[in-house]
Amino acid sequence: MADSRPIPRVKICGITSLEDAMVAIGAGADALGFVFYEKSPRYVSVEEAKAIVAQLPPFVERVGLFVDKTPMEVDLACAESGMSLAQIHFEVDESYLHALHTKALPVVRAKAPEDVMNFAGRYRLVDAYCESYGGAGKRLNLEWFKGVDCSKIILAGGLTPENVTETLSYGFYGVDVSSGVEFAKGKKDRTKVETFIRRAKGDACAH
């Protein structure tokens, strides 16, 4: 019997080079993430991201990750770099999201099970809470998502090619990975990227 669950979208975050971007796209990534947070080891400048985006093929979502920036700063950076979506990776409210001209993806940094319902009704990224922002590799407890409508949730935090298949039964809209497919911070491993995407999209027979 065919599986009727939708195929999750996959975002490869922390792209720092055209080479890594093309590896991700070639492997079937639906979205690429660019980190505009200066304290991250995966930080890229607006100019660097623009140079990469200019050479990308069509039909790939470009997501800019922002921490502690005003709506105006986010909009300006997205417009200059060619981002199609702004990932707001810090605590904001609806008024902040409405002030953006760029389409926004709020991030829930979950500390407790009830947190996964923040921004319910919106597409949102749910990550494990940690003091630093992004790429910490800390996993969320999947038990928190039992009985939850995950069709608008993108799961992040500690995902790897080895554990991503554990998420398939929950019906997440998508999954987001950064450190789990790297050989060094900001440097993607081709085999890990390819295996992660294949398994995330439901092919558990990866070799």
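The values are calculated or read from the model by the stated rules, or taken from the named source; none is laboratory data. Predicted, not measured: the structure shown is a model, and the values here were computed from it. Because the Cβ atoms are built from the backbone with ideal geometry, glycine has one as well, and the counts that use them run over all protein chains shown.
In table form, for the structure just shown:
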| item | result |
| --- | --- |
| Glu91, sole failed condition from (1) more than 17 Å from Lys103 (Cβ to Cβ); (2) outside any loop (DSSP other than H, G, I, E, B) | (2) |
| Which listed residue is under 17 Å from the mean Cα position of the chain (by Cα) and assigned to a helix (DSSP H, G or I), from Val116, Val63 | Val116 |
| Residues satisfying the stated conditions in segment 87-106, i.e. in contact with an Asp or Glu (Cβ under 8 Å, 6 or more places away or on another chain) and without any contact (Cβ under 8 Å) to a residue 40 or more places away in the chain | Leu100, His101, Thr102 |
| Residue check for Lys50: within 13 Å of the chain's Cα centre (by Cα), surrounded by 15 or more Cβ atoms within 10 Å (Cβ to Cβ) and of a type in the set (Lys, Arg) | no |
| Filtered residues of segment 9-21 (kept if surrounded by fewer than 23 Cβ atoms within 10 Å (Cβ to Cβ) and either within 13 Å of the chain's Cα centre (by Cα) or without any contact (Cβ under 8 Å) to a residue 24 or more places away in the chain (or both)) | Arg9, Glu19 |
| Residue in segment 123-144 that is touching a helix residue (DSSP H, G or I) at 6+ places or on another chain (Cβ under 6 Å), farther than 23 Å from Arg5 by Cα, assigned to a helix (DSSP H, G or I) and modelled with pLDDT of 95 or more present | no |
| Among (1) under 20 Å from Val108 (Cβ atoms); (2) surrounded by 14 or more Cβ atoms within 10 Å (Cβ to Cβ), the one test that Gly147 misses | (2) |
| Any pair with Cβ under 6 angstrom, 6 or more apart, that starts in segment 172-183 at a residue that is more than 14 Å from Arg139 (Cβ to Cβ) and part of a loop (DSSP other than H, G, I, E, B) and ends at one that is small (Gly, Ala, Ser) and at pLDDT 95 or above | Tyr173/Ser151 |
| Scope segment 94-106; condition of a type outside the set (Phe, Trp, Tyr) and closer than 17 Å to Glu73 by Cβ; matching residues | Ser95, Leu97, His98, Ala99, Leu100, His101, Thr102, Lys103, Ala104, Leu105, Pro106 |
| Residue count for segment 44-65, restricted to those that are free of Cβ contacts under 8 Å to residues at least 40 places away in the same chain, within 14 Å of Gly14 (Cβ to Cβ) and not small (Gly, Ala, Ser) | 4 |
| Qualifying residue in segment 39-47 (condition: farther than 20 Å from Thr191 by Cβ, surrounded by 15 or more Cβ atoms within 10 Å (Cβ to Cβ) and among the polar types (S, T, N, Q)) | yes |
